[in-house]
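The values are calculated or read from the model by the stated rules, or taken from the named source; none is laboratory data. Just so we're clear, the structure is a prediction, and the values are computed from it rather than from any experiment. Using ideal geometry, Cβ is built from the backbone for each residue, glycine included, and neighbour counts are taken over all protein chains shown. Protein only, heavy atoms only, side chains kept; ligands, DNA and RNA dropped before computing areas. Shrake-Rupley method; radii C 1.70, N 1.55, O 1.52, S 1.80 Å.
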Amino acid sequence: MADNLSWKRIKRVLLLPWSRRKNRRPPPEPTETSEQPPSPEPLKNRYVRRQSVCAEPLNPESDDDEDEQPVVYPKTDDQRQRLNDAVKNILLFKNVALDQLNEVLDAMFEKRTQIGDHVIDQGDDGDNFYVIDKGKFDIFVKIEGQDKLVGAYDNKGSFGELALMYNTPRAATIVATTEGILWALDRTTFRRILLKAAAKKRKALEGFLEKVPMLQEITEYERMNLADALNSKSFKDGECIIKQGDEADYMYFVEAGVVSIRMHNQNDPTSEVEVARCEQGGYFGELALITHNKRAASAYAEGDVNCAVLDVHAFERLLGSCMDIMKRSIDGYEEQLKKLGVEHSELR
């Protein structure tokens, strides 16, 4: 019986057309290993957005690119001066050492635009970072399929850094509305110098902020945002950092050096009395930002001093969780002034 069944199976195969018969595969022979066949590759989703072709990671600690030859575009004295003027108020350039800044300025090249020129287009890969020398430029963002005007640049500013920082497509379209001059920086130099300097600055400031007693309660995310909002400022020996009676605009964290806090005695406005000293990890200037009054004291650098500076808007936005701690310190200020015999007002 078994022989008859086998013969019937053979005949069925033999009677198949050759095209079907040759594609039939014999069952796999059993193996003595437990290895499984490789899994098939997953089907590619053709609706996934195309990623940027430039997605190299940035490691602030890496020195692999230190031996790269810098790019240099020759400039006239007039061009160099215009470039210096254009970048002096750009935040990204404030974290760069002088030698690195000169290397960045050497690598920037002039790009002239005409009315209607598209400097960048939304969705494109990022190639350059741009600083405006002169000219007006409109900012368009595609909303519900339509290009919407969302802002404009008027003879100053910079754009194009987001696509280079995060390896994402351009987030907006920039169109020249007048003749203009831009300074462009290629993405490789931008990431190697500017972005790495910003990352190192953040890491250094985060480490410093971890040591500030008042900030022990904030989260790691809040500390990171605070580090991004801080700017470093240096002061020479004897320099007045803040002056009693002035409007308040910044809070200061002492990164290095010693700061003397002094107040005028209302009975003798010509004399000042030292009421406190701030060393590394200390802070000052917060009182006027809390009370919205004018500066209640002056601050002077003793020796060279480096401070991390937080402007009033970032102060209110980022340090709300520390406000109670800072308000409690007012009691300490009042008690200290009483011991020193210094008259005071408007501390609260």
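What to note about this one:
- Yes/no for Thr168 being under 23 Å from Pro74 (Cα atoms) and out of contact with any Lys or Arg (no Cβ under 8 Å at 6 or more places or on another chain): no
- Residue match in the stretch 241-249 (condition: of a type outside the set (D, E, K, R) and in a strand (DSSP E or B)): yes
- Considering only residues in the stretch 127-148 that are in a loop (DSSP other than H, G, I, E, B) and either out of contact with any strand residue (DSSP E or B) (no Cβ under 8 Å at 6 or more places or on another chain) or modelled with pLDDT of 95 or more (or both), the one that is nearest to Asp78 (Cα to Cα) turns out to be Gly135.
- Some residue of the stretch 194-211 being in a loop (DSSP other than H, G, I, E, B) and out of contact with any Asp or Glu (no Cβ under 8 Å at 6 or more places or on another chain): yes
- Selection status of Phe140, in contact with an Asp or Glu (Cβ under 6 Å, 6 or more places away or on another chain), assigned by the TED database to the domain that holds Thr76 and within 25 Å of Pro70 (Cα to Cα): no
- Test: residue in the stretch 310-325 that is at pLDDT 85 or above and open to solvent by less than 10 Å² (accessible area, probe 1.4 Å): yes
- Residue match in the stretch 152-164 (condition: under 30 Å from Asp99 (Cβ atoms) and either among the acidic types (Asp, Glu) or touching a Ser or Thr at 6+ places or on another chain (Cβ under 6 Å) (or both)): yes
- Residue match in the stretch 75-98 (condition: free of Cβ contacts under 8 Å to residues at least 12 places away in the same chain and closer than 11 Å to Ile193 by Cβ): no
- Scanning the stretch 149-164 for any residue that is under 13 Å from the mean Cα position of the chain (by Cα), open to solvent by less than 70 Å² (accessible area, probe 1.4 Å), at pLDDT below 85 and not acidic (Asp, Glu) turns up nothing.
- Conditions (1) open to solvent by less than 50 Å² (accessible area, probe 1.4 Å); (2) among the small types (Gly, Ala, Ser); (3) under 27 Å from Val96 (Cβ atoms): number failed by Ser260: (3)
- Enumeration of residues in the stretch 178-205 that are surrounded by 21 or more Cβ atoms within 10 Å (Cβ to Cβ) and more than 18 Å from the chain's Cα centre (by Cα): Gly180, Leu182, Trp183
- Among (1) closer than 19 Å to Leu194 by Cβ; (2) open to solvent by less than 30 Å² (accessible area, probe 1.4 Å); (3) modelled with pLDDT of 95 or more; (4) of a type outside the set (Lys, Arg), the one test that Val175 misses: (1)
- Those residues of the stretch 206-235 which are over 27 Å from Asn293 (Cα atoms), in contact (Cβ under 8 Å) with a residue 40 or more places away in the chain and exposed (fewer than 12 other Cβ atoms within 10 Å of the Cβ), in sequence order: Lys211
- Residue list for the stretch 266-290, filter: open to solvent by 30 Å² or more (accessible area, probe 1.4 Å) and not in a strand (DSSP E or B): Gln266, Asn267, Glu279, Gln280
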